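A short write-up of the structure that comes next.
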Amino acid sequence: MKKKNILVIFGGCSSEYSVSLSSGTAVIRHLDPEKFEPLMLGITQQGRWLYYTGPVEKILDDTWHTSSFCAPAVLSPSRDDCCLLVQKGSELLRLPVDMAFPVLHGKNGEDGTIQGLIELAGIPLAGCGTLSSALCMDKDRAHRLVKLEGIRVPRSLVLEKDFCPEDAMAFGRITGYPLYVKPVKAGSSYGVSKVAGEEELTEAIALAFRHDDQVILEENIPGFEVGCAVLGNQELMVGEVDEIELSGGFFDFTEKYTLKTSAIHVPARIAPEKAEEIKETARSIYRALGCTGFARVDLFLTPEGQIYFNEVNTIPGFTEHSRYPGMMKAAGHSFGEILTRIVELGMEKTAGYSCHFQEAETL
């Protein structure tokens with residue numbers, strides 16, 4: 001059986017560029033070599049698209065784009081092609097692509113932009129599509145849709161650039177402190193602040209506006225965060241629920257990637273009945289936001305046992321030690337198995353596409 005060419009896209013014009021390098025490397029290394037041939041497409045922080053054929057280690061240490069293993073590349077927008085166009089000297093090489101697997105985090109990668117380009121080109125896509133990616137990236141709109149499903153969400157206030165400071169102060173007086181200030185569309189806790197009092201609010205809002213043109217204020221939900229790794233299109237599989245234990249502060253960028261003062265427990269230290277309720281809530285959220293393929297659904301669990309929606313990550317961290325693979329591993333599924341299933345789900349979703357090449361061609 002001919003191996004399928006999987007275009008793994010990493011890097012990107014995002015503050016989460018370095019995280020994507022780690023996730024992309026892990027995906028490339030763990031794709032089943034008997035079934036799949038990874039094609040490596042890197043996007044530099046400046047936005048250059050480069051087809052990369054060198055050692056995977058150079059991706060991890062971010063020297064991949066300085067090497068002789070790179071050539072300018074772009075996806076063909078023609079639905080008749082389903083290929084990557086690579087400039088090799090005076091020749092234009094056409095590499096067939098059976099599926100695109102973007103492993104890009106944050107803006108320009110997880111927000112529907114790259115997904116729209118892939119879908120426009122008629123190439124099967126691993127993971128969530130354009131609409132669900134955009135919705136999940138937008139904290140305000142995601143919360144509004146999930147609330148319509150009868151699921152609790154934190155009280156919030158969205159601020160535009162020309163906001164009235166008194167509105168923000170009034171929100172804080174209503175909800176009390178601490179509260180959270182976040183960019184509406186950003187990932188990995190960039191620009192997020194936990195505000196202890198009114199005197200910190202202005203600075204926190206200014207920080208959030210550096211990452212987006214809208215800012216959301218959210219009430220603090222007591223308790224702790226739990227997560228669900230969801231896999232599937234119609235029938236959904238959910239890994240073991242995980243739990244984030246914090247010693248103080250909140251799960252910011254540093255804690256997410258170093259766990260200096262926090263810990264992640266898989267399975268979560270909760271009753272089996274509550275874990276099942278959390279899984280079912282995650283399934284409902286996944287469906288409400290139109291997710292397909294895979295995503296991580298994050299929620300809060302209060303001391304009273306109430307479940308609140310936090311956010312959905314449509315391309316969560318994807319190293320061997322990341323939360324999503326960790327939850328699936330606890331449920332008995334290896335990293336390689338999960339990647340194979342993600343590719344299969346993408347093929348199922350786009351079964352009507354026709355992208356068949358026997359070998360690379362030159363123009």
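The values are calculated or read from the model by the stated rules, or taken from the named source; none is laboratory data. Owing to the predicted nature of the structure, the values given are computational and were not obtained by experimental measurement. Methodologically, a virtual Cβ is constructed for each residue, glycine included, from the backbone with ideal geometry; neighbour enumeration extends over all protein chains shown. The accessibility values were calculated without ligands, DNA or RNA, using every heavy atom of the protein model including side chains. Shrake-Rupley method; radii C 1.70, N 1.55, O 1.52, S 1.80 Å.
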Within the set of pairs 6+ apart or on separate chains, which have a first residue in the stretch 44-56 that is free of Cβ contacts under 8 Å to residues at least 60 places away in the same chain, a second that is open to solvent by 70 Å² or more (accessible area, probe 1.4 Å) and of a type in the set (A, V, I, L, M, F, W, C), and C-beta atoms under 6 Å apart?
W49/V74; Y52/F69; T53/F69; G54/F69
Give just the number: which of (1) surrounded by 15 or more Cβ atoms within 10 Å (Cβ to Cβ); (2) within 21 Å of A26 (Cβ to Cβ) does D81 not satisfy?
(2)
Within the stretch 290-304, the residues that are surrounded by 19 or more Cβ atoms within 10 Å (Cβ to Cβ) and under 20 Å from the mean Cα position of the chain (by Cα) are C291, T292, G293, F294, A295, R296, V297, D298, L299, F300
Output yes when any residue across the stretch 35-51 is in contact with a Cys (Cβ under 8 Å, 6 or more places away or on another chain), under 24 Å from K185 (Cβ atoms) and among the small types (G, A, S), and no when none is.
yes
Only one of F251, F318, F294 is aromatic (F, W, Y), modelled with pLDDT under 95 and over 24 Å from L217 (Cα atoms); which?
F318
Only unsatisfied item for L39, checking (1) open to solvent by 70 Å² or more (accessible area, probe 1.4 Å); (2) more than 20 Å from the chain's Cα centre (by Cα); (3) not polar (S, T, N, Q), is (1)
Of the residues S133, S156, S188, which single one is at pLDDT below 95 and either touching a helix residue (DSSP H, G or I) at 6+ places or on another chain (Cβ under 6 Å) or more than 30 Å from G24 (Cα to Cα) (or both)?
S188
Could you look through the stretch 115-128, keep only residues that are open to solvent by 10 Å² or more (accessible area, probe 1.4 Å) and in contact (Cβ under 8 Å) with a residue 40 or more places away in the chain, and pick out the one that is nearest to the chain's Cα centre (by Cα)?
L117
Tell me, which strands (runs of 3 or more DSSP E) lie completely within the stretch 72-129 with 3 or more residues that are at pLDDT 95 or above, over 20 Å from P38 (Cβ atoms) and in contact with a Pro (Cβ under 9 Å, 6 or more places away or on another chain)?
none
In the stretch 192-217, residue nearest to G106 (Cα to Cα) [restricted to those that are of a type in the set (D, E) and either open to solvent by less than 10 Å² (accessible area, probe 1.4 Å) or in a helix (DSSP H, G or I) (or both)]:
E203
Which count do you get for residues in the stretch 179-191 that are under 12 Å from P154 (Cβ atoms) and either open to solvent by 10 Å² or more (accessible area, probe 1.4 Å) or touching a Pro at 6+ places or on another chain (Cβ under 7 Å) (or both)?
2
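Answer yes or no as to whether K107 is of a type in the set (K, R) and under 14 Å from the mean Cα position of the chain (by Cα).
In short, yes.
Residues of the stretch 305-329 being over 19 Å from the mean Cα position of the chain (by Cα) and open to solvent by 50 Å² or more (accessible area, probe 1.4 Å), which ones?
Q306
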For residues that are without any contact (Cβ under 8 Å) to a residue 60 or more places away in the chain and either acidic (D, E) or closer than 28 Å to A288 by Cβ (or both), scanning just the stretch 84-114, find the one that is least open to solvent (accessible area, probe 1.4 Å).
G112
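Give the stretch 148-177 a look and list any residue that's assigned to a loop (DSSP other than H, G, I, E, B), touching a residue at least 60 places away in the same chain (Cβ under 8 Å) and either open to solvent by 50 Å² or more (accessible area, probe 1.4 Å) or out of contact with any Ser or Thr (no Cβ under 9 Å at 6 or more places or on another chain) (or both), or say none.
Listed by number, the residues that qualify are E149, V153, R155.
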